[in-house]
Amino acid sequence: MGQAITQPTQSAPIGVFDSGLGGLSVLREVRDLLPHEDLVYVADSGAAPYGDRSGEFIEARAAAIAAFLVAEGAKAMVVACNTATAVAVRALRERFAIPIVAIEPAVKPAAAMSRAGVIGVMATSLTLASENFRRLAEQYAQGARIVPQPCPGLVELVEGGRLEGPEVHGLVAAYVLPLLNDGVDTIVLGCTHYPFLLPVIRAVAGPAVNIIDPARAVAGELGRRLEAEGLLAEGKGHGGTRFLTSGSAAYVEAVLVTLWGRHAKVQSLPGNYAAPD
Ligand code: DGL
């Protein structure tokens, strides 16, 4: 049986985490869809990007952050990182008893939407090489051809709050143009950092290409899980949103203004949950 410190209540917070700030693209959908909920977001910026790390490292980080969120009394958790889902979600679900909703590349809706039957999946190399992704492709491609596109460097741009300009355009084009040349008419954003680059990705891909971000669907799934477990927050008041990071709180606070759209206080993750050097 998994660990749960106390029996979660409706008024308990929801924990959300990512390797860094990309998971804010999921958090904003959760915030919008479930306005009464208290949210706690952990950016593992001290360990980002996960895409360059080993599976064992990411599994250990995901377990440490999940343990922190459970100790904070979280009633549910959102893994807002495709890479962490790919390598760690099974272990998290075995260890922690609360509902865990996890983002993964949206192959199924992409296959349904693609007229050409050719889908591009932009994600980290780790996500694309994972057993989880192989299973998704096998189960849900429905005959469509999947073109995997690793995108090194995009996470770092978003972590730095750099969302436009020639450098961003150049790197996005280097990843998106080969997909178009391959006949792709539908692109899955398989990393939670990439939705912040959507205007540039859209500009390169053109208006005819479908671009799929599953963040809204993840928020919807979270709402359904909470409702099924009798854990939806009651009341009309707006819930709070708390931010923590394993990296530099001052740096994350500065970038948060760009990605979250307003100032918010960022706290340091307690030392015993911090990322190793
Ligand atoms: N946001 C993470 C994901 O969805 C980025 C992974 C990374 O830090 O490399 O995959």
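The values are calculated or read from the model by the stated rules, or taken from the named source; none is laboratory data. If you're wondering where the values come from, they're calculated on a predicted model, not measured in any experiment. Note: ideal-geometry Cβ built from the backbone for every residue, glycine included; neighbour counts use all protein chains shown.
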Test result for Pro35, in contact (Cβ under 8 Å) with a residue 24 or more places away in the chain and either in a loop (DSSP other than H, G, I, E, B) or over 22 Å from Glu131 (Cβ atoms) (or both)
yes
If a residue must be away from the ligand (no atom under 16 Å from the Cβ) and buried (at least 18 other Cβ atoms within 10 Å of the Cβ), how many such residues does region 211-231 contain?
3
If only one of Thr192, Thr241, Thr186 is at pLDDT 95 or above, over 18 Å from the mean Cα position of the chain (by Cα) and either surrounded by 15 or more Cβ atoms within 10 Å (Cβ to Cβ) or closer than 19 Å to Lys108 by Cα (or both), which one is it?
Thr186
Hits in region 209-261 (condition: of a type in the set (Ser, Thr, Tyr) and not in a loop (DSSP other than H, G, I, E, B)):
Thr241, Thr245, Tyr251, Thr258
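Listed here are the residues, each with its yes/no results for (1) buried (at least 20 other Cβ atoms within 10 Å of the Cβ); (2) outside any loop (DSSP other than H, G, I, E, B).
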| site | (1), (2) |
| --- | --- |
| Gly73 | no, no |
| Thr83 | yes, yes |
| Lys108 | no, yes |
| Val121 | yes, yes |
| Leu126 | yes, yes |
Output yes when any residue across region 24-31 is surrounded by fewer than 21 Cβ atoms within 10 Å (Cβ to Cβ) and touching a strand residue (DSSP E or B) at 6+ places or on another chain (Cβ under 7 Å), and no when none is.
yes
Is at least one residue of region 9-18 without any contact (Cβ under 8 Å) to a residue 12 or more places away in the chain, more than 22 Å from Leu128 (Cα to Cα) and not assigned by TED's automatic domain parsing to the domain that holds Ser268?
no
From Val42, Val79, grab the single residue that is assigned by TED's automatic domain parsing to the domain that holds His238 and either within 12 Å of the ligand (Cβ to nearest atom) or surrounded by fewer than 24 Cβ atoms within 10 Å (Cβ to Cβ) (or both).
Val79
Filter region 262-277 down to the residues that are assigned to a helix (DSSP H, G or I) and either at pLDDT 95 or above or not small (Gly, Ala, Ser) (or both), then identify the one that is nearest to Leu163 (Cα to Cα).
Tyr273
